[in-house]
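Worksheet for the structure shown next.
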Amino acid sequence: MKSFDYVIVGAGSAGCVLAARLSEDPACSVALLEAGGEDESRAARQPNQWPLLWDRAEAWGYATTLQAGYNMRSIPCPRGKALGGTSAINAMMYVRGHARDYDHWRELGNEGWGWSDVLPYFLKSQDQQRGASAWHGVGGPLAVSDQISPNRLNLAFIEAAVAAGHRRNPDFNGEFADGAGLYQVTMRNGERCSTATAFLAPARERSNLHVMTRARTMRVLLEGDHAAGVDYFDGSQVERIYAAREVILSAGAIDTPKLLMLSGIGDPAKLEPHGVTVRHALRGVGANLCDHPGTALVLGLREVDQPLPTSILAEGGMFMKSARLNDGFDADIQFFSVPFVPLQAGAVGKAQFMSIVVQACRPKSRGQVTLRSADPFDTPIIDPRYMTHPYDLALQIEGLKTAREIVSQEPLKSLIANELLPGATAMDDVSLEQHVRVMSQCIWHPVGTCRMGRGDDAVVDAQLRVQGIHALRVVDASIMPQIISGNTNAPTIMIAEKAADMILS
Ligand SMILES: Cc1cc2nc3c(=O)[nH]c(=O)nc-3n(C[C@H](O)[C@H](O)[C@H](O)COP(=O)(O)OP(=O)(O)OC[C@H]3O[C@@H](n4cnc5c(N)ncnc54)[C@H](O)[C@@H]3O)c2cc1C
């Protein structure tokens, strides 16, 4: 009988951190189960290759349902399937969100998750190239670096934003949130620093850590209201592994709620039609799905540009407060300056276009993840309901207008030949709405499907324990009670750092 103190499902951004931290205690035995493989490929390490990673044969292959708010289009929903999970395929931007994001989490009833509570865990994980400060840590496993090869178009975007009246921001994770600047990245020596590289690799020699790749968990094994272990498929047969202390789900915002539902934990109305026996009714499992929308202003370039291998392509950016819709948060709209469109063109060579991508920081549209069937190998139904809330639409339109103002400033202006999309004829809000609905994608930040909090749609408490079930926790992006005002990798790593501390103490 295989038994470990902790059985962690999913070796992604959160799972690798958790496995590494829990196994620091030699008295704990830890099993980490990952559905994918090792993934040491060059493409995964080389920064400018990231847009090619989600189309590989070994991927989850997820896409959303047809989105009514997006003119009935389905949007790809790439998820990493290897050690490192989505941190092994992402764009490597290191953004924590803003202090107010976490104070808001605490106000929602999550004691211990305010900014002053979580900042130490951000610092703990970090090895910041710029050195230690009140905002940054050094000596942690995760390399956070300045970019080596920012493209001249991204630098021009920053100068043009300053010329348009926005402040310069040398550090999006520093003293203030708004302004234009370069993103810092999770890279070391010009190569990707996933959580597998940063946290797991140095821990793998420990005899108390057992990493199992190609081990696809099918369900949590429940004995009454106690999580006793998991069943997983090893490629040829179903195996069982027991947890003496806890099962921890870190399978991400799509697969963690799916696993809970396959185990009979969820909304009875969504389980019973598939013949899944309800073991514990928990309405919020799979609900509250939130993701950042992304809408591009696409521009023709006067001269073709070529990214260097160390480029993450979308190097420059900006945060700003909305003129009309700010509700006390530090920023409402995030921008990405992307000189290579489509992104895949940047990964394979030259690109003739650039885009400025606009993202509402805290969209209000909410969707859900549900089962397609009771078959663990079936894909889940992913319905983020993008752009179904008027607030999100208003911010995307305001962002596009701001992007146009920036493009009209030097030094960017003279590098641009023309606006291709939505184009010079689309000036009024109706035309811009049409552009948002026809062209928007997402920024790949699904969260919230196992929301932390109180109330009957919360799934985990502030200790990340699944409500009503013993010895079962969720530790990944799905627990975010509200999406943060930025990219979600660093916050997910912070969540795992904090969870490890809570578990070990
Ligand atoms: C294309 C793209 C670009 C992005 N760019 C950025 C960026 O630049 N900066 C940023 O901050 N964020 C970025 N993100 C988002 C960020 O990477 C994610 O929010 C974060 O990685 C989520 O971490 P997680 O631990 O919740 O899930 P994941 O990292 O997805 O980990 C889940 C793991 O569980 C495994 N798993 C799932 N189901 C099972 C099962 N049944 N059995 C066993 N294992 C299973 C998966 O294979 C995976 O390894 C990006 C995302 C994408 C897709």
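Taking 35 Å as R0, compute the FRET efficiency from the Cβ-Cβ separation of E58 and R152 and round it to 0.05. Between E58 and R152 the formula returns 0.45. Of the solvent-accessible surface of the chain, computed with a 1.4 Å probe and all protein chains present, 51% belongs to carbon and sulfur.
Could you calculate the FRET efficiency of A201 with D234 from 1/(1 + (r/R0)^6), where r is the beta carbon distance between them and R0 is 22 Å, rounded to 0.05? If you can, show how the numbers build up before the last one.
Working: r = 23 Å, r/R0 = 1.03.
The computed FRET efficiency comes out at 0.45.
Nearest 5 percent is fine: what portion of the DSSP beta bridges confined to segment 74-203 is antiparallel? Among the beta bridges of segment 74-203, antiparallel pairing accounts for roughly 55 percent.
Where both bridge residues fall in segment 165-234, DSSP classifies roughly 90% of the beta bridges as antiparallel.
Note on segment 254-280 and segment 98-134: Cα centroid distance 33 Å, given to the nearest whole angstrom. Under 18 Å of direct C-alpha separation, and excluding same-chain neighbours fewer than eight residues apart, K350 reaches these aspartates and glutamates: E303, D305, E315. The label-point distance for Q306 and V278, in a model that sets each label 7 Å from Cα toward Cβ, rounds to 6.2 nm. Report note on the peptides 473-479, 202-208: ranked by the mean count of other C-beta atoms within 10 Å, highest first, their order is 473-479, 202-208.
Could you calculate the FRET efficiency of T213 with D25 from 1/(1 + (r/R0)^6), where r is the beta carbon distance between them and R0 is 22 Å, rounded to 0.05?
Numbers: r = 23 Å, r/R0 = 1.06.
With R0 = 22 Å, the Cβ-Cβ based efficiency is 0.40.
Quick one: putting +1 on the C-beta of Lys and Arg, -1 on the C-beta of Asp and Glu, what dipole do you get for segment 224-353 around its Cα centre, in Debye to the nearest 20? Roughly 180 debye for segment 224-353.
Placing unit charges on the Cβ atoms only, positive for Lys and Arg and negative for Asp and Glu, gives segment 47-202 a dipole magnitude near 380 debye about its Cα centre. For R45, the solvent-accessible surface with a 1.4 Å probe is about 80 Å², rounded to the nearest 10. Segment 33-74 and segment 151-215 have their alpha-carbon centroids 19 Å apart.
Between the amide H of D127 and those of G140, L142, A143, V144, distances stay under 5 Å, these residues lying 5 or more places away or on another chain, with hydrogens modeled in the peptide plane. Residues in segment 376-385 carry Karplus couplings, in order, of x, 8, 6, 6, x, 8, 10, 10, x, 6 Hz; the curve used is 6.51 cos²θ - 1.76 cosθ + 1.60 with θ = phi - 60°, and Gly or Pro positions show x.
With the whole protein complex present, R73 retains an accessible surface near 50 Å², based on a 1.4 Å probe. Positive-end ranking of N326, F340, L313 along the dipole of segment 304-351, with charges on Cβ about the Cα centre, is headed by F340.
Projected onto its three principal axes, the C-alpha set of the chain covers 68, 47, 43 Å, listed from the longest axis down.
Modelled this way, with points 7 Å down the Cα-to-C-beta line, the labels at Y391 and F176 are 2.5 nm from one another.
Per residue, the accessible area of the chain comes to 35 Å² when a 1.4 Å probe rolls over the protein heavy atoms.
Only Lys, Arg, Asp and Glu count, each charged at its Cβ (+1, +1, -1, -1), so figure out the dipole size of the chain about its Cα centre, rounded to 20 debye.
On the way: 47 positive and 55 negative charges, 80 e Å.
Charge dipole, the chain, about its Cα centre: 380 debye, nearest 20.
Within the assembled protein chains, the solvent-accessible surface assigned to W135 is about 80 Å², based on a 1.4 Å probe. Of all aspartates and glutamates in the structure, those lying under 12 Å Cα to Cα from K498, and not within fewer than 8 positions of it along the same chain, are D117, D476.
Between their Cα atoms, which of K321/K401; K81/K270; K321/K364 are more than 24 Å away from each other? Intermediate values should be presented prior to the final figure.
Details: K321/K401 14 Å; K81/K270 26 Å; K321/K364 16 Å.
The answer is K81/K270.
Positive end of the dipole of the chain (Cβ unit charges, origin at the Cα centre): among S408, N110, A496, the Cα lying farthest that way belongs to S408. Modelled label positions at H226 and N189, each set 7 Å beyond Cα in the direction of Cβ, lie 4.8 nm from each other. Of all DSSP beta bridges confined to the chain, the antiparallel ones make up roughly 65%.
The values are calculated or read from the model by the stated rules, or taken from the named source; none is laboratory data. None of the values given here were measured: they were computed from a predicted structure. Methodologically, a virtual Cβ is constructed for each residue, glycine included, from the backbone with ideal geometry; neighbour enumeration extends over all protein chains shown. Remember, those area values only see protein heavy atoms, side chains included, never the ligands or the DNA or RNA. Shrake-Rupley method; radii C 1.70, N 1.55, O 1.52, S 1.80 Å.
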